[in-house]
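Have a look at the structure below before the remarks.
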């Protein structure tokens, strides 16, 4: 697999942040409230807030993450 083009990378970030924000908001909600009516009433709203925040933060921090990864593990040439 080669280096993804910018549009594919952006689309991947949309999917990754969708799944991660959903999973993390569900996990934390269940941890704090338990799985029940309260959780089911609150979680969709929390996820709707968490997803765009997660996407924005990946746009900010992805360059730093790649820079650190390539610093630690130099790519083969």
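The values are calculated or read from the model by the stated rules, or taken from the named source; none is laboratory data. For clarity, every value in this text was computed on a predicted model and none was experimentally measured. Using ideal geometry, Cβ is built from the backbone for each residue, glycine included, and neighbour counts are taken over all protein chains shown.
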Per-region count, the range 47-63, residues touching a helix residue (DSSP H, G or I) at 6+ places or on another chain (Cβ under 8 Å) and closer than 18 Å to residue 29 by Cβ: 5
Looking only at the range 19-36, and only at residues there that are more than 20 Å from residue 56 (Cβ to Cβ) and free of Cβ contacts under 8 Å to residues at least 12 places away in the same chain, the one that is surrounded by the most Cβ atoms within 10 Å (Cβ to Cβ): 33
Residue that is modelled with the highest pLDDT, among those in the range 1-18 that are loosely packed, with under 10 Cβ neighbours inside 10 Å and outside any helix (DSSP H, G or I): 5
Residue among 66, 39, 55 that is exposed (fewer than 12 other Cβ atoms within 10 Å of the Cβ) and assigned to a helix (DSSP H, G or I): 66
